[in-house]
Amino acid sequence: MFKPRWKKEALLLLKGAKKFVHYKRDLLAPDRIDEIQSRRVDLKEAVKAKDLDAVKETSKQLRNTCEKSLAHYRQPNWLQENIEVFWVAIVVALGVRAYFLQPFRIPTGSMQPSLNGIVATSKHDDEGWEKPWIGQRAFDFAISGRSYENLVAKKDLNIRDMKDASFFLFSRTKIFFDDGSTVVIGSPLNEAASIGTISAALERRKMGKTPHFKEGDPIFQGYLTSGDLVLVDKVSYHFRQPNRGESFVFDTRDIKTGGPASLSSQDGGTHYIKRLAGVPGDELQINYPDLYINGSIAKEETLQRVMNQGNDKKGDPYPGYYNPPGGRGQQSGFTDPNFTVTLNDKPEEGNNYREFFALGDNSPSSLDSRYWGSVKQYNLVGPAFVSLWPFTSGHWGFIK
């Protein structure tokens with residue numbers, strides 16, 4: 001920070017010349033490489049001796065040698081240097097994500113109250129409701145993950161379709177209207193469809209009534225609270241077996257996760273987060289509110305807190321484990337409290353894979369292994385071990 005300018009420039013030139021040799025070694029003649037290295041030694045000695053005239057001369061010689069070594073070479077300027085650093089940082093981050101740690105944003109409420117999904121809160125019934133001023137909105141988003149919407153129909157509109165438009169860590173639902181216009185709501189499809197004004201409009205469509213929204217009607221007025229952003233450890237399962245009771249993430253290859261709209265489905269998604277309720281060799285049975293493993297009530301602390309139906313530290317209740325009711329559009333053997341399933345413990349030979357059982361802590365609204373069956377060994381991604389954001393969710397820190 002307190003180095004004189006001549007010294008900073010000389011050190012930057014030394015660094016640039018070194019990078020030049022490393023990056024262009026396959027294009028440089030051996031004698032040119034030797035000459036550049038010799039010029040670098042001369043410049044280093046001049047800097048060490050604090051001989052300004054020598055520094056100026058040796059810098060000129062080193063620069064000329066590099067420029068003449070390749071016909072089109074020019075020393076990178078500060079902008080090029082920073083762009084290079086930026087892209088290297090991106091490559092490193094992608095490498096970390098691919099092999100070590102992966103961020104995962106929870107879109108649905110299937111793990112509540114242990115972990116939050118995106119929640120839409122309507123304010124259209126509050127007379128005179130308006131978005132807070134921009135400073136308040138920025139603060140609420142940074143701390144609580146809350147974003148505000150004030151979508152009002154500018155003319156009569158009929159809903160034509162609703163589709164998931166999520167990408168990367170951002171959950172979005174796009175609503176299409178008959179006139180070709182669209183609106184986007186920052187929530188998963190099932191949460192958007194549960195918003196009062198939208199669900200009422202969908203009911204009107206089912207009944208053949210139009211318009212779904214009249215001019216001036218609120219489409220969605222209120223706020224969205226972000227789902228928890230968690231980090232997934234992608235390394236652990238390469239060195240240890242998954243532990244019953246931990247929160248884990250898995251991909252949905254070969255899992256038929258599509259389900260009725262009444263469930264908190266991530267239909268079409270690539271990853272789920274659930275509670276690991278059963279490991280290979282386990283026999284599982286659900287008799288509300290209890291989960292039985294190998295004939296006895298589950299002993300793991302995280303499973304017991306769901307069964308005991310107590311409250312979390314924010315006062316939100318755990319519901320117990322439910323036997324799915326009939327008539328929800330998807331069959332489940334667990335409708336019968338006497339039904340049991342045994343998870344395969346065979347090694348990976350042919351189509352025989354070790355199996356795991358996934359349950360959501362919010363059992364009444366979770367689409368999980370009760371409906372679509374087991375998670376195979378090759379589906380495993382890793383345990384969710386830390387919640388990064390929002391800070392006021394009650395879950396910030398290490399995940400149990």
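Rule-based calculations on the coordinates, nothing more; no lab input. On a predicted model such as this, the values are computed, not experimentally measured, just so you know. Cβ sites come from the backbone with ideal geometry, for glycine too, and all protein chains shown count toward neighbours.
Per-structure values
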{"quantity": "MRE, 222 nm, helices only [DSSP H, n ≥ 4, -39500 (n - 2.57), over the chain, to nearest 500]", "calculated": "-9500 deg cm²/dmol"}
{"quantity": "Kirkwood Rh, Cα atoms: Rg over Rh of the chain", "calculated": "1.15"}
{"quantity": "Listed residues 107, 28, 352: farthest to the positive end of the dipole of the chain (Cβ charges)", "calculated": "28"}
{"quantity": "With Cα atoms, 0 to 90° folded angle of helix 5-24 axis to the chain main axis", "calculated": "70"}
{"quantity": "Per-residue Cβ neighbour rank within 10 angstrom, fewest leading, 207, 307", "calculated": "207, 307"}
{"quantity": "Segment 275-300 and segment 117-143: distance between their alpha carbon centers, rounded to Å", "calculated": "41"}
{"quantity": "Set of lysines near residue 314 by C-alpha distance (under 25 Å), chain-local residues within fewer than 8 positions excluded", "calculated": "123, 274, 299, 400"}
{"quantity": "Where only alpha carbons of segment 276-400 are counted, the Rg and the Dmax (Å)", "calculated": "15.6, 48"}
{"quantity": "Between helix 52-69 and the chain: long-axis angle, C-alpha atoms, 0 to 90°, nearest 10", "calculated": "70"}
{"quantity": "Tail beyond 14 Å, pair distance distribution of segment 1-48 (Cα, percent)", "calculated": "54"}
{"quantity": "Point-charge dipole on Cβ atoms (K/R +1, D/E -1) for the chain, about Cα centre, debye to 20", "calculated": "1720"}
{"quantity": "Electrostatic dipole magnitude of segment 154-202 [Cβ: Lys, Arg +1; Asp, Glu -1; Cα centre; debye, to 20]", "calculated": "120"}
{"quantity": "Order of 48, 234, 174 - criterion: other Cβ atoms within 10 Å of each residue's Cβ, fewest first", "calculated": "48, 174, 234"}
{"quantity": "Excluding exposed DSSP-loop chymotrypsin sites (Phe, Trp or Tyr not before Pro) (at most 10 other C-beta within 10 Å), longest clean stretch of the chain", "calculated": "240-400"}
{"quantity": "Listed pairs 131/155; 163/209; 15/56; 174/313 exceeding 25 Å between Cα atoms", "calculated": "174/313"}
{"quantity": "Centroid-to-centroid separation of segment 17-71 and segment 216-250 [C-alpha atoms, Å]", "calculated": "52"}
{"quantity": "Relative contact order [Cα under 8 Å, 6+ residues apart], the chain, whole percent", "calculated": "17"}
{"quantity": "Tail weight of P(r) past 15 Å, computed on alpha-carbon pairs of segment 131-225, percent", "calculated": "62"}
{"quantity": "Residue among 158, 341, 70 farthest towards the positive dipole end of the chain, charges placed on Cβ", "calculated": "70"}
{"quantity": "Ranked 187, 247, 122, criterion: other C-beta atoms within 10 Å, fewest first", "calculated": "122, 247, 187"}
{"quantity": "Mean separation of Cα contacts under 8 Å, 6 or more apart, over the residue count of segment 228-398: relative contact order %", "calculated": "33"}
